[in-house]
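Participant: Take this structure, written in structure tokens, and hold onto it; I'll ask about it next.
FYI, it's all coordinate maths here, none of it is from the lab. In this text, all values refer to a predicted model and were calculated from it rather than measured experimentally. Cβ sites come from the backbone with ideal geometry, for glycine too, and all protein chains shown count toward neighbours.
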Amino acid sequence: MDKCVFPLGNGVGIYDNNKLCVSIIDQNGDKKVEGQFLKQCQRFFSFPLIRGLTYFFYGIWLYIKVFLLQEKLDDRNEDEKNKSYKIAKKVDFVSTYIIFIASLIVAFVFSLTILGVLPSFLFKKAFPDVTDYYFRSFIIALFRFSILYILFSLLRFAPFMTGIYSFNGVGCVFLSGKDKEDEIRARTYPLNFLNFMVNVFLFSTFVISLIAINIVWWLNFLLNLLIFIIIIILCYEVLRFASLSKLMWLKDITLVTNWLVCIKPNTTQNEVLQVAKIELNTNSNFECLDKDKISMSTLYAEMQTKLKQSERFEQSDMEWIVATILNKNRVELKLCHGVTQKEYRDIMRACERRAKGEPISSIFGFVDFYGIRFDVNKKVLSPRMETEILVEEVLKKARDIEAENVLDLCTGSGAIAIAIAKYYNCKVSAIDISKQALQVAENNAKKNGVNVEFIQSDLFSNLKKNKKYDIIVSNPPYIKSEDIEKLDIEVKNYDPKLALDGGSDGLDFYRKIISDSPKRLNKKGWLYFEIGQGQKDSVVELMQSAGFQEIQVVKDYNKIERIVYGKIS
């Protein structure tokens, strides 16, 4: 039993590797979470016969623990809480078995009335002249199974059970490990605790009625108890096999009982489970929070929901937003387990902007690139992570050939030029046609304490005639003109069109730079480009035609050909 989910009316408990975590939503709509460590019992889940019994008995005990944690999270006064809580608070592992025996007694009384008298009465009415013992046992067993199934079916529609079954539905999604798009299929996950219990009681009732042992009362009780234990073992193994199997028809068969205890969850119920899941993974010590603070697991769960609904979910984006507003780095973030109400509001406001398509660099007005912080605005293109690969390749070559002069064309925010100047001692020049972009780049250079020569020019047009460089690098506009309107909103609405439009085929700037750069490169000088997806062959061909040799291509983090460079012959 690596994982198990215990649904509640207003929340859910998750057991995972000897850790138990409960997440609830209170009457004010606030999400609360609590966890604790439990004694190891994994060895009992390794043996095929014992693991079913352990799942049954240990599961009942865990459910009591979940209930206690739920009540602990309740803000009401002790005297206002459920009387059952005060009773359950006194329950330990040993007394769980006493409760179980008491439950058996209640079940026995129930079977004598509803499941005992009623099926016999129905049989006599339906088959008044039949005296065959085996036929009578089979029909009564079927009657009892049907009555119990109908009772479970009616219970599914009871208002007070809706929350429990909905949380069980989201629990099945969690246990299956499926994504949201597979949610309907994931809710058929057979080995959830409620489905297991329903199967145990349904089939033990049927089998015990079918065999109909009739010796002496105490022996009847012991043999029926033995049958009950065997049914527990068999139900567990069958449901476990169905859960692990890739045979979808086998999972579909288990829907006969699983639908009784699973209802489609809503967004809030999904969030509540995510809170418990994140808490298990991030709060290793289950540290208690001040009452006025909101847990990080609650914060991340709500951010995750908002970003997934807008199809803009990235774990790194969430961490970036939180780290920036809390003024912490990502290592320090792991040690933070709660935020204040003001921090929560600021983070969620930033998250809402991100969900609407606004890039993080625009939300905060800066971006980290190659270990350096750059200010950005709508006048410059925000440097992308892939461009760090271009800087890395240029720095390698600069050190290798001991370059003295480097030129960055279409510099924008100055990210490439400033990163090179900061990490390699040489003279760096940067060119851009936009005066506003150069102002941003100059400010970034001053803030980072580097010396870069900035020149306003349409590529090489304003350079001194005899000025040459060891390396020329450029990340020019490379989007096709007709494709700009098709771009994602965070590019189309927040990056300057001047920094995107590469002409009808996206290659206008490559043609100009490749054509003019041989006159601007020193002997055996190098030309470096960042390119768009699918442009490799065209750029390589242009460079070959212009006399470049030793042309190399470098892929980005997504295995897309992103960097092209070569040496002038």
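Participant: Compare the Cα positions of Phe167, Met348, Pro48 along the charge dipole of the chain (+1 at Cβ of Lys, Arg; -1 at Cβ of Asp, Glu; about the Cα centre) and return the one farthest towards the positive end.
Facilitator: Projecting each Cα onto the dipole axis, the largest value belongs to Pro48.
Participant: Cα to Cα, under 24 Å, and not fewer than 8 places away if on the same chain: which lysines meet these conditions relative to Lys291?
Facilitator: By straight Cα distance, Lys291 reaches Lys19, Lys31, Lys32, Lys65, Lys72, Lys81, Lys86, Lys89, Lys277, Lys328, Lys334, Lys342.
Participant: Using alpha carbons only, how many degrees (0 to 90, rounded to 10) separate the axis of helix 315-326 from the longest principal axis of the chain?
Facilitator: In the chain, helix 315-326 runs at an angle near 80 degrees to the longest axis.
Participant: Okay, next question. Could you give me the percent of Cα pairs per 5 Å distance bin for segment 287-356, shortest bin first, beginning at zero and ending with the bin that holds the maximum distance?
Facilitator: Over segment 287-356, the share of Cα pairs per 5 Å bin runs 3, 17, 31, 26, 16, 5, 1 percent.
Participant: Okay, next question. How about segment 205-307: which trypsin sites (Lys or Arg not before Pro) there are in a DSSP loop, with at most 10 other Cβ atoms within 10 Å of their Cβ?
Facilitator: Loop-located and lightly packed - Lys246, Lys291.
Participant: Mind ordering 430-440, 478-488 by average Cβ neighbours within 10 Å, highest first? Present the calculation step by step, with values, prior to reporting the outcome.
Facilitator: Values: 430-440: 19.8, 478-488: 13.9.
By packing density, highest mean first, the sequence is 430-440, 478-488.
Participant: Here's something else I'd like to know. In degrees between 0 and 90, to the nearest 10, how far off the longest principal axis of the chain does helix 193-211 point, with axes built from Cα atoms?
Facilitator: 30 degrees
Participant: Pairs Lys396/Lys559; Lys427/Lys465; Lys246/Lys356: which are spaced more than 27 Å apart, C-alpha to C-alpha? Don't jump to the answer; show the numbers that get you there.
Facilitator: Working: Lys396/Lys559 20 Å; Lys427/Lys465 18 Å; Lys246/Lys356 38 Å.
Over 27 Å apart, Cα to Cα: Lys246/Lys356.
Participant: Now a separate question. What percent of all Cα-Cα pairs in the chain falls into each 10 Å bin, going from 0 up to the bin containing the maximum distance?
Facilitator: Here the calculated profile for the chain is 3, 14, 19, 16, 13, 12, 10, 7, 4, 2, 0, 0.
Participant: Which of the peptides 206-218, 222-234 is most tightly packed, and how do the rest follow, going by the mean number of other Cβ atoms within 10 Å of each residue?
Facilitator: The densest-packed peptide leads the list: 222-234, 206-218.
Participant: Quick one: plug the Kirkwood hydrodynamic radius of segment 436-569 (C-alpha pairs) into Stokes-Einstein at 20 °C, 1.002 mPa s, and report D in µm²/s.
Facilitator: Details: Rh = 16.2 Å.
Diffusion coefficient, whole number: 132 µm²/s.
Participant: Rg and Dmax of segment 295-408, Cα atoms, in Å?
Facilitator: 17.2, 55
Participant: Could you sort the peptides 555-565, 499-509 by per-residue average Cβ neighbour count (10 Å cutoff), highest mean leading?
Facilitator: Values: 555-565: 16.5, 499-509: 18.1.
By packing density, highest mean first, the sequence is 499-509, 555-565.
Participant: Any idea what angle helix 248-261 forms with the longest principal axis of the chain, computed on alpha-carbon atoms, 0 to 90 degrees, nearest 10?
Facilitator: Tilt relative to the chain: about 60 degrees.
Participant: Let me ask something additional. Quick one: net charge around Phe143, please, counting Lys, Arg +1 and Asp, Glu -1 for every other residue with C-beta under 13 Å from its C-beta.
Facilitator: On the way: positive: Lys124, Lys125, Arg136, Arg144; negative: none.
Here the charged neighbours net out to +4.
Participant: How high is the FRET efficiency between Asn443 and Leu151 when r is their beta carbon distance and R₀ equals 56 Å, given to the nearest 0.05? Please list the in-between numbers first.
Facilitator: Working: r = 73 Å, r/R0 = 1.30.
It comes out at approximately 0.15.
Participant: Around Val130, under 12 Å between beta carbons, what's the net of Lys plus Arg minus Asp minus Glu among the other residues?
Facilitator: Details: positive: Lys124, Lys125, Arg136; negative: Asp129, Asp132.
Net of charged neighbours comes to +1.
Participant: Which net charge results when you count Lys and Arg as +1 and Asp and Glu as -1 among the other residues whose beta-carbon is under 13 Å from that of Arg511?
Facilitator: On the way: positive: Lys512; negative: Asp505, Asp508, Asp516, Glu541.
It works out to a net charge of -3.
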